[in-house]
Number of protein chains: 8
Amino acid sequence: MLTVYLSGEIHTDWREEIEAGAEGLGVTFTAPVTDHEASDDCGVAILGAEPDKFWHDHKGAKLNAIRTRHGIETADIVVVRFGEKYRQWNAAFDAGYAAALGKPLIVVSLPEHQHALKEVHAAALAVCDQPGQVAQILRYVLTGKLPV
Amino acid sequence: MLTVYLSGEIHTDWREEIEAGAEGLGVTFTAPVTDHEASDDCGVAILGAEPDKFWHDHKGAKLNAIRTRHGIETADIVVVRFGEKYRQWNAAFDAGYAAALGKPLIVVSLPEHQHALKEVHAAALAVCDQPGQVAQILRYVLTGKLPV
Amino acid sequence: MLTVYLSGEIHTDWREEIEAGAEGLGVTFTAPVTDHEASDDCGVAILGAEPDKFWHDHKGAKLNAIRTRHGIETADIVVVRFGEKYRQWNAAFDAGYAAALGKPLIVVSLPEHQHALKEVHAAALAVCDQPGQVAQILRYVLTGKLPV
Amino acid sequence: MLTVYLSGEIHTDWREEIEAGAEGLGVTFTAPVTDHEASDDCGVAILGAEPDKFWHDHKGAKLNAIRTRHGIETADIVVVRFGEKYRQWNAAFDAGYAAALGKPLIVVSLPEHQHALKEVHAAALAVCDQPGQVAQILRYVLTGKLPV
Amino acid sequence: MLTVYLSGEIHTDWREEIEAGAEGLGVTFTAPVTDHEASDDCGVAILGAEPDKFWHDHKGAKLNAIRTRHGIETADIVVVRFGEKYRQWNAAFDAGYAAALGKPLIVVSLPEHQHALKEVHAAALAVCDQPGQVAQILRYVLTGKLPV
Amino acid sequence: MLTVYLSGEIHTDWREEIEAGAEGLGVTFTAPVTDHEASDDCGVAILGAEPDKFWHDHKGAKLNAIRTRHGIETADIVVVRFGEKYRQWNAAFDAGYAAALGKPLIVVSLPEHQHALKEVHAAALAVCDQPGQVAQILRYVLTGKLPV
Amino acid sequence: MLTVYLSGEIHTDWREEIEAGAEGLGVTFTAPVTDHEASDDCGVAILGAEPDKFWHDHKGAKLNAIRTRHGIETADIVVVRFGEKYRQWNAAFDAGYAAALGKPLIVVSLPEHQHALKEVHAAALAVCDQPGQVAQILRYVLTGKLPV
Amino acid sequence: MLTVYLSGEIHTDWREEIEAGAEGLGVTFTAPVTDHEASDDCGVAILGAEPDKFWHDHKGAKLNAIRTRHGIETADIVVVRFGEKYRQWNAAFDAGYAAALGKPLIVVSLPEHQHALKEVHAAALAVCDQPGQVAQILRYVLTGKLPV
């Protein structure tokens, strides 16, 4: 009966991979909106157009914050995935947010980002590079069973 | 009698610029260790060498966390500067950490990073691109005086 | 499975409009007592008459506070509606109360009140003028779907 | 050695009246910026002009929030004054903010606003209509002496 | 779906009176152990006899604290009843405990105790002298209906 | 550099006894207003007369709460003295308030009240019957020296 | 509907004894992983081998912390058992962790450890030496029934 | 201007070693009472003799808790030293207490205790075996200077 928030990269199927690996454990997974376009434009689509890109993005980021902060604050565990593309400052922001709330943090990242992520890794209870390892962690945490 | 933590970029003199601009206001400025080499190697220098780069960095990042978390937690305002170089995930992490603690957040960033920083900007009470503006904000917040 | 507290104006059907628009989302809506007369007289009706209007109102306001604070404190999102009539200080009070607790705040207000509400708006994650937009926000936050 | 935040009305000299009445008590008084024009324009003056009045006000209200939230959060007592003019939703917002943080709240208001302020009054530890009474309260709280 | 903790007097049937009056509201009522003898002797009965009355009582009071603190901390509303007999310091202690946690407090007390209870009353959102009034308050808070 | 709040009985000189015994330790002692008459009448003296004794006392108790809650909340240690006279529910209320905030609690009480105070004693880190023992505790806590 | 975390010794069947004794009470019991080998090796089994025993253990201890901290933080009561073997610093650590969170703490320990555990006992609401007594406590706390 | 609490072993001069190494840094060091006999007997010396060793120790441990919890709660950093002798459950308890409060934790321990302390180490930001390393950490954290 754990709730796990899956933050970060939205362009690969890592969330599905974890969910498949955690099947049968009764975990509830939450996540940000992963439709990139909707996520970018939600603010102006609902609250009205903005000629200035800053406020266009500002309105959207605040709407998304309603979901993401709720997701982090109600999670038992927060997983943050850093992928290959983009600057991913929102992923690092979520990791800091989760750390300050004392949430157990699991980071999934690439070996080539090791040095750049050292402060984020230092705040994590587990660091891995494959989403499947997150599922193994959840299985161990909930059942005490290790992968064979 | 404000304490202001200056997080982020350590390769330009933006901290000195803010401190100069805030002269006479009685602000106490705190910051991470800005000696890049010391910051990278502090863990092994004090706690013993590590053959594996991950643990080398891990030891250092945790020592630095003693300073940075204390700095953020005892600050009245947290300023985070995103510069031109590196991935700067630690800056975004600090911003998330400060936001979760409810600290007033001021972000100093470059126009070309606007879209990538939209979630961080959405959590800030002020976004600017010049360190001098931070000094102006501090002067206004403390004295009510605007720049002429 | 969100709980949303609908604070403010009690003389129009804006709550019903939001509830209709959010149908099927599984949102639980809470609100103050919206029967104006009962809300004004509850204190003396239950706890005994008061000759002084101040204490008459005081007893009632405290009984209502049992409901409103519980509503705000257990909500995932707080929506505050400023209407056309009355001074509505209780609405602004609720907004401040919600903001201090870190609750995501959505404000529904009239264009002519923009300047007077700027401090309240600055604390909100969304500002709109139609109740229907609140329903759209809730739909987006829960499902990622934007209005067509 | 109390710190008292004086929120609300900025067009009369009520703050000076309290400060004069509390002379010799060693109270530190804090307050929002009371220069109306600076308070309205601080955002654009420091962070750049905005064609849209909403964002003009938004930038300013957020800068002012750095000062006002710090003032409320570090105060031992919060005094909120409701005057004759304007809608004063920021005053009610501050009262709600202070109440949620558990700050002792003193309200100074006009008799004709009694009914409209009943929820705010219900959250206060003292309600009065003269600033001089606030000074008397502070003197009593600090020294146990009542007015002669 | 409120949880209401009923603290205080254990020698009359005031709890049953409230529960009967609140029938159909879906309120969950919690309370201390109301079997006086069991409450007094639970410590030594389970943890072993004590020759010294102080430690006899100490062991029991701590066991009871497991239940009472859990009851107060998980309650949405705390009701404290002061009856005619005994010193009832535990009732006043519970009231202070609830107040410090920000729990809405309802006090049921006798007119002759008015002056002696003034500090406790000042922390309450409602003061009454009949248990039936508590049921009326709960009905109003949950349904908005006043007694006819 | 400890701050110690001395709650409870106001009709004997137990506070002076503790202060004398703790001389030279650098402890700051705080306390409620101990002028019984001023404490009873402060509300109406400053905020206006009330024909009803309940509201007369209510106004006063709330003014006193400004001082007493500040005293408890800023104390490092809370001492509560139960004397021979009166019902002293405010003392027990303060003890509960302090306990809920996690403040170290020292109780000074009479042997004949042992059973009636068992819940309060169970929340205390020390129980004694002489004020001089409180001074000895403070000396030990600050210097490690025991009475000879 | 209590949740009880059973921390400490993993080499005897004390948990089963408590669970059997608490049958029918509706208590949910949680615990660390009690498979000693899995608990020791979980880190490297999932996250990769470490040549250095310190990091081998570090990875494992952090994975286990995901479970144990969640267990303590979501528990209504924390029971810590000190057995005959090993140093059991993790049990004492859990007791301190629970105490700092204000969780009701029950300690099950051996008479010969009385002096060495005095600080842990001082933080507990009950100290006993038989697991069956824990079941009796739970039964009393939930039903008010004492053992016959 | 850091405050550092030095918990644990009281039979060697490790505290003096750290204080000497940190000379000139302006650190305030706090600690438990390190006079073993006074620490054991303080309870009965001040509060009266107890025939039962459990209560003898209980009274003392609670008095010591006034000092140790205050020390941990007001510290910026908590250092816990595990020495060669005794079971040192109070040291592990303090470490857990500090961890739950989010205090940066530094552990000084012996290599032969590595496996037994793995849960405590996992909660620490630094693990070392020489007190002098703690002084080096404090110097680095405060000045950015590494040992030569």
Within segment E:48-56, is there a residue that is assigned to a loop (DSSP other than H, G, I, E, B), of a type in the set (A, V, I, L, M, F, W, C) and touching a residue at least 24 places away in the same chain (Cβ under 8 Å)?
-> no
Residues in segment D:4-35 that are open to solvent by 50 Å² or more (accessible area, probe 1.4 Å) and in a loop (DSSP other than H, G, I, E, B) total 8
Taking segment D:122-148 and keeping residues at pLDDT below 95 and within 7 Å of another protein chain (Cβ to nearest Cβ) leaves none
Exercise. Would you mind stating whether C:T68 is among the polar types (S, T, N, Q) and more than 20 Å from D:V127 (Cβ to Cβ)?
Key: no
Check: Does A:A100 satisfy being in contact with a helix residue (DSSP H, G or I) (Cβ under 6 Å, 6 or more places away or on another chain) and either more than 8 Å from every other protein chain (Cβ to nearest Cβ) or modelled with pLDDT of 95 or more (or both)?
Finding: yes
Within segment C:36-75, the residues that are within 15 Å of the chain's Cα centre (by Cα), open to solvent by 30 Å² or more (accessible area, probe 1.4 Å) and farther than 18 Å from D:G96 by Cα are C:H36
B:T74 meets each of (1) facing another protein chain (nearest Cβ under 7 Å); (2) over 17 Å from H:K145 (Cβ atoms) with one exception, condition (1)
* Asked: If you check B:G83 against the conditions, is it at positive phi and either more than 7 Å from chain A (Cβ to nearest Cβ) or open to solvent by 10 Å² or more (accessible area, probe 1.4 Å) (or both)?
  -> no
C:G132 being closer than 30 Å to E:V134 by Cα and either open to solvent by less than 10 Å² (accessible area, probe 1.4 Å) or of a type outside the set (F, W, Y) (or both):
no
task: Confirm whether G:E119 is of a type in the set (D, E), within 11 Å of chain H (Cβ to nearest Cβ) and surrounded by fewer than 23 Cβ atoms within 10 Å (Cβ to Cβ).
output: no
Across (1) modelled with pLDDT under 95; (2) over 21 Å from A:V80 (Cβ atoms), B:Y86 clears everything bar (2)
Scanning segment G:13-58 residue by residue, the ones that are within 14 Å of chain H (Cβ to nearest Cβ) and not aliphatic (A, V, I, L, M) total 16
Exactly one of D:G8, D:G48 is over 30 Å from A:A49 (Cα atoms) and of a type in the set (G, A, S), and that residue is D:G8
Inset, instruction - May I ask you to verify whether E:L6 is in contact (Cβ under 8 Å) with a residue 40 or more places away in the chain and touching a Lys or Arg at 6+ places or on another chain (Cβ under 8 Å)? - result: yes
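The values are calculated or read from the model by the stated rules, or taken from the named source; none is laboratory data. These numbers were taken from a predicted model, which means no experiment stands behind them. All Cβ positions, glycine included, derive from the backbone under ideal geometry; neighbour counts span all protein chains shown. Protein only, heavy atoms only, side chains kept; ligands, DNA and RNA dropped before computing areas. Shrake-Rupley method; radii C 1.70, N 1.55, O 1.52, S 1.80 Å.
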